[in-house]
Structure formats: C-alpha cells, structure tokens
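Okay, structure first, notes after.
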Amino acid sequence: MPTELPARVRQLLARQGHVITRAQAIQLGLDPCVIRNRERYGHWQRLEAGVYAEFTGAPEREAEIWAALLRAGPSAALSHWTAAERHGLSDRSRPAIHVTVPIARHPARWTAIPGVIVHRSRSLERAVHPAMSPPCTRVEDTVLDLIEASASFEEAYDWICRAIGRRRTTAARIRDVMAARPRMRWRADLELALGDAGEVLSVLERRYVRYVERPHGLPSATRQARVWHGTGNRYLDNLYDEYRACVEIDGAAAHPADEQWRDKDRDRWNSVHQKIDTIRIGVLGLRTREAQCAMAAEVAAWLSGRGPATGHPCGREGCPVP
C-alpha cells in the first residue's frame, strides 16, 4: 500500500475537513484497492456510506459537517440551525446537522443518515453563499428558513433581531430576499418589523395610541415631548409629565445594536437628570389585541405606582386592565 496519497487527493482532503468520498478519491486517481486497504488497516475510517475520514478517533464538528454534506450529494448546503451556527447567529450548536438539497432530488436516499436532517428547496442555487466553505445558505435565507420553522412569531422575531443586532445583515437585505419568496409565514408582521425605521416607528406609535392608550382609558401622553439632554434637545415619544414617566416605541428589529445603545444612554440620562423613567415597547408588545391589552395593563400598573392614574378594560373579553 503506497504511503503517499496523490497531491490532488491531499489538497481536497485539506479543503474538506480531512474528509473525502470514494467517488472523489477514485476520480482524482486513487486506486479502489488503496481505499479498501486504508480502511482495513485503520488509516481511514468510514463516517457515512461512501464517505471517509483520513484520521482515527472521534471526528470533530467540522468533519461531521463535511461528511453530512458529501453524503447528501452535489449541490447540498448547510441550512437552518447549522447555517445559523456558521454565521454566528446561534450561541450553541445543535447535535443534528441540517442540510438542504434541491427539491428535484428524491428524498428516500437520505432517510437513513444518522444525525442529519435534510430539507428540500426549489431555489437552493440562489440561496447558497457564493464563497463560504463548506457550502452554506446566505444569512438572509438562513434567517427566513428559521422563521418558517419557528414555533411562534416571538421566536421568529428573535432571529431577525439576532441577525441585524450582530451585524450579520440588514433589514433591507432580509426584506429583499423575503420579497422573492412566494409564501412566507407572518409576512405582514415581518414586513412591519423590517420596514424603514421611520415607517416602523410611525405604525407602532399609531398602534400604541389607538389600541393601548385610548381604548383602555389611560392618561393622554404628550407626543414628541421636547426635553433637554446634556448637549441639546431630545424628543420623547410619549411623555406622561405629571408621572415623570415616558413610553418609548422601539422598532428594534430594524435598528443596529449601536442605535439601541444610544437609546439606552438617553434613557439613563433622562432617569438621572430629568427624573423621568422610561419603558420601551416594540413590535411584539403591539402586534395583537391580546398583546396590546397586556401592555395596557402593564402601563396602567406602572403609572398607578407613580400617582393617581385611570384605566379600564377595553371591552375585549379577557382584557386584563383593572
């Protein structure tokens, strides 16, 4: 048995996490007998059917990922939670490896791959990142895939906030990719969360006044109230002056992390120097009637702890405002 592998085989192994398929090795000039002998004598180990690693011992995550992709065949790409791991959207890796293959490929071939979950897509070629190795869906497609798999809109919204807050993409890019998908869960709410900052805040501010403050009999706030903020004037969304309290509307999904930190700095200044405390309400708190009623109950309780405040149920069954 030769001790040296052909140069092209060594190069491919280095690019693929030291994993190679039998077909690749033969195509690059390795004799099938050499492959059998390397496995027989323990120089190589089989990770999947027709997929070998050039080392012994337990494979690391990178080798497992390459083995899953190579087993799934040409055009396969990492997706969903595994792609989120590669893009830095997830703080922990899941044991299962998620790959996506073109929808034309018959699914029966992958039903027996242990630890691998295979998805099928009609537009995988467009969704794959042009430069990542191993192949992986783009950040925007990864986020939208995870939204489709989310159990709730709250979970879906969290993926958007992670991707934008960690500066992996922008709201505009996610919105553009979403527009190319004919079917999308929670499309209207996602478009609101991903809209231009001014548009998002305008819609949310109207929802707060129309569905939280007025129908629940809360005190009427001063809109866009001007206050002094260290080096100049700042404007507060909803200032309850007699309570020294402010409700700020926050379209956090469409804002990068540094803008959110500036908001927090402003809140701290108002609390220390203006004696105005602030609570922030975002898309989730204003999305549904139930959420709006729950937010009204929180604001009513908050204001009543700072002075005499009015409030009443809006008429919806189960409204929690006392």
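Remarks
- Just so you know, the Cα atoms of region 29-119 work out to an Rg and Dmax of 14.6, 44 Å.
- When the P(r) of region 1-58 is calculated, the portion above 15 Å amounts to 40% of the C-alpha pairs.
- A value for log10 I(q)/I(0) by the Debye sum over Cα atoms at q = 0.12, 0.14, 0.16 Å⁻¹ was derived from the coordinates, and within the list (i) -0.79, -1.00, -1.23; (ii) -0.87, -1.04, -1.23; (iii) -0.77, -1.06, -1.38 it appears as (ii).
- Sequence-separation-based contact order of the chain, relative, with Cα cut under 8 Å and 6+ spacing, percent: 10
- Were the residues from Glu148 through Gln27 laid out at 0.36 nm apart, the gain over their Cα-Cα distance would be 39.7 nm.
- Calculated [θ] (222 nm, deg cm²/dmol) that DSSP helices of n ≥ 4 give over the chain, each run adding -39,500 (n - 2.57): -11500 deg cm²/dmol
- Considering only the chain, percent of DSSP beta bridges that pair antiparallel, nearest 5: 60
- Coupling constants for region 52-63 follow from the phi torsions by the Karplus curve (6.51 cos²θ - 1.76 cosθ + 1.60, θ = phi - 60°), and in residue order they are 10, 10, 8, 9, 9, x, 5, x, 7, 4, 4, 5 Hz; glycine and proline get x.
- Under 5 Å, built H, 5+ apart or other chain: amide partners of His119: Val99, Thr100, Val101
Values in this text are rule-based calculations from the coordinates and carry no lab data. Here the structure is a predicted model, which is why all the values come from computation and not from measurement.
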